[in-house]
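Everything on this sheet refers to the single structure shown next.
Bear in mind these aren't lab numbers, they're just calculated from the coordinates by the rules spelled out. Keep in mind the model is a prediction, meaning the values are calculated, not measured. Every residue, glycine as well, gets a Cβ built from its backbone with ideal geometry; the counts of neighbours run over all protein chains shown.
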Amino acid sequence: MSAGRGLWITLEGGDGSGKTTQAGLLEEWLRAQGRTTLRTREPGGSEVGVLIRDIVLHHRGDIAPRAEALLYAADRAHHVATVVRPALERDEVVIQDRYLDSSVAYQGAGRVLDADEVRGLSLWAAEGALPDLTVLLDLDPATARRRLDSADKPFDRLEAEREEFHQRVRESFLALAAAEPERFLVLDAAQDPAVIAEAVQARVAALL
């Protein structure tokens, strides 16, 4: 999407895979290279997104799967238009926690909606925008759950889903990466964070 202006990197993976850690390490490395960065996330990367995030992750009670998918798409439309595109136009490196691949994995595979319809909805919302690089941190659900348990904080609506749900999500992420190998960098999230960070930096350096 950057077309020579800025660079857009998204981090994907199941809950507990270490996306926040790797986003921080990547931002630190990029700033040391003299690059201006923007850290953001979906949902919640804008004022409107913060409100939507509270609904989709912390609402008490059920949300119909299609309604959930539409809420994520609404967040995405506003976020790309008001946060991501302007940052890229300023020649910044956007480091983003989750994007449309999460919707395909969580609302498509996890909620058992049509993955192609979910992806199409997201692409329409974002006017077809795709990142320059998507880092997929792959981790088996059992290990991820142990990490979340050790964090000693309340689970959100998606984190609290059963292991079968998270296994479908993982398989969907891997299928998405296999379908677009030029966009994805798939890494074993069970590795030492420093080893993962080095692999990410090598791939990003080739894009700068």
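Were the residues from residue 82 through residue 39 laid out at 0.36 nm apart, the gain over their Cα-Cα distance would be 14.1 nm.
Under a Cβ-Cβ cut-off of 14 Å, what is the net charge of the residues other than residue 48 that fall near it, where Lys and Arg count +1 and Asp and Glu count -1?
Around residue 48, the surrounding residues sum to -1.
Highest mobility in the GNM of the chain, judged by mean-square fluctuation with C-alpha springs under 10 Å and restricted to 102, 172, 150, is found for 150.
Placing dummy labels 7 Å off each Cα toward the beta-carbon, the span from residue 47 to residue 20 is 2.5 nm.
Backbone amide hydrogens, once placed in the peptide plane, bring residue 94 within less than 5 Å of 7, 8, 9, 38, excluding anything fewer than 5 places away on its chain. Dipole orientation for the chain: of the candidates 78, 124, 14, 78 has the Cα lying most toward the positive pole (charges on Cβ; Lys, Arg +1; Asp, Glu -1). Computed over the chain with a Gaussian network model linking Cα atoms closer than 10 Å, the most mobile of 169, 135, 83 is 83. Taking packing as the residue-averaged number of other Cβ atoms within 10 angstrom, the listed peptides 28-36, 139-147, 173-181, 72-80 run from highest to lowest as 72-80, 139-147, 173-181, 28-36.
The modelled label-to-label distance between residue 207 and residue 147, using points 7 Å beyond Cα along the C-beta direction, is 2.0 nm. For residue 185, the residues whose modelled amide H falls within less than 5 Å of its own, excluding neighbours fewer than 5 places apart on the same chain, are 134, 135, 136. Evaluated with a Cβ-only charge set (Lys, Arg +1; Asp, Glu -1), the chain carries a dipole of roughly 340 debye about its Cα centre, given to the nearest 20. Given a Förster distance of 41 angstrom, what is the FRET efficiency for residue 112 paired with residue 192, based on the Cβ-Cβ distance and rounded to 0.05? Given R0 = 41 Å and the Cβ-Cβ separation, E is 0.70.
Between 84, 56, 195, the Gaussian network model of the chain with springs among Cα atoms under 10 angstrom shows the greatest mean-square fluctuation at 195.
Once Rg and the Kirkwood radius are both taken over the C-alpha atoms of the chain, their ratio Rg/Rh works out to 0.94.
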